[in-house]
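What follows is one structure encoded as structure tokens, with my remarks underneath.
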């Protein structure tokens, strides 16, 4: 994968958080030439992120700027960086009071023209209160997030975003799987793929992912990107996704840093 493609994947990853956060009642994203971050307005670490992608300069200054902001509002945040740049963050970690916590694979499918639509499952695009509530219910179960948080994150504002498509799949009338497409140009970014507890091991996540990609293909996408969990990686590999890089996460916790 060429650097240009990786950069587009980085931008799509940031967009997957920005579009959620900016549609939340208390959410706020910050974008300028020096820094990109998302703040969900709550102490929900998963949604408070500082993204360090190209141009990758002045790491300490960028994170220090974010620290000042998040310290003022009393929230922790994650620093997200692609692995080829993670060493720079590692070297500054002690000075910045960061702690490495995790990494996820960046997976890319470069030949989505070969994918075939699942023919034995009923999918609906989320376009009203009923289907949105069904999608929220699936994601709350799949990701073990409280329903009140899912309702805030997967807000009605997303229905107005033309480059965002949410899908929910039904088995015998029960909403049990779903996925989200975030399109940017010819790139189909796939996020929020989940299966309701009790419906696992039926291949539903693969079907939801495929259906979301195919909608992207109909809209002009030629390739796809996602970040996989350990459990989901084999599923995506069978679909033709390849791991081309990893994103590393480091966490800053204002109260812990102040205590030290």
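The values are calculated or read from the model by the stated rules, or taken from the named source; none is laboratory data. Values in this document were obtained by computation on a predicted structure and should not be read as measured data. Here the Cβ positions follow ideal geometry from the backbone for every residue, glycine too, while neighbour counts run over all protein chains shown.
Observations on the model:
Yes or no, residue by residue, for (1) crowded, with 20+ Cβ neighbours inside 10 Å; (2) in contact with a helix residue (DSSP H, G or I) (Cβ under 6 Å, 6 or more places away or on another chain):
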site: 146; (1), (2): no, no
site: 199; (1), (2): no, no
site: 213; (1), (2): yes, yes
site: 225; (1), (2): yes, yes
site: 235; (1), (2): no, yes
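- Hey, residue 204 under 18 Å from residue 144 (Cβ atoms) and buried (at least 21 other Cβ atoms within 10 Å of the Cβ) or not: yes
- Some residue of region 82-96 being modelled with pLDDT under 90 and part of a loop (DSSP other than H, G, I, E, B): no
- Residues satisfying the criterion are absent from region 119-127 (criterion: within 28 Å of residue 6 (Cα to Cα), surrounded by fewer than 19 Cβ atoms within 10 Å (Cβ to Cβ) and in contact with a strand residue (DSSP E or B) (Cβ under 9 Å, 6 or more places away or on another chain)).
- Members of region 207-229 found to be in contact with a strand residue (DSSP E or B) (Cβ under 9 Å, 6 or more places away or on another chain) and free of Cβ contacts under 8 Å to residues at least 60 places away in the same chain, listed by number: 209, 212, 219, 220
- Qualifying residue in region 139-151 (condition: in contact with a strand residue (DSSP E or B) (Cβ under 6 Å, 6 or more places away or on another chain), under 18 Å from residue 17 (Cβ atoms) and not in a helix (DSSP H, G or I)): no
- Taken over region 166-193, the residue count meeting the criterion of being farther than 15 Å from residue 14 by Cα and touching a strand residue (DSSP E or B) at 6+ places or on another chain (Cβ under 6 Å) is 10.
- Qualifying residue in region 122-130 (condition: free of Cβ contacts under 8 Å to residues at least 12 places away in the same chain, in the same structural domain as residue 167 (by TED's automatic domain parsing) and assigned to a helix (DSSP H, G or I)): yes
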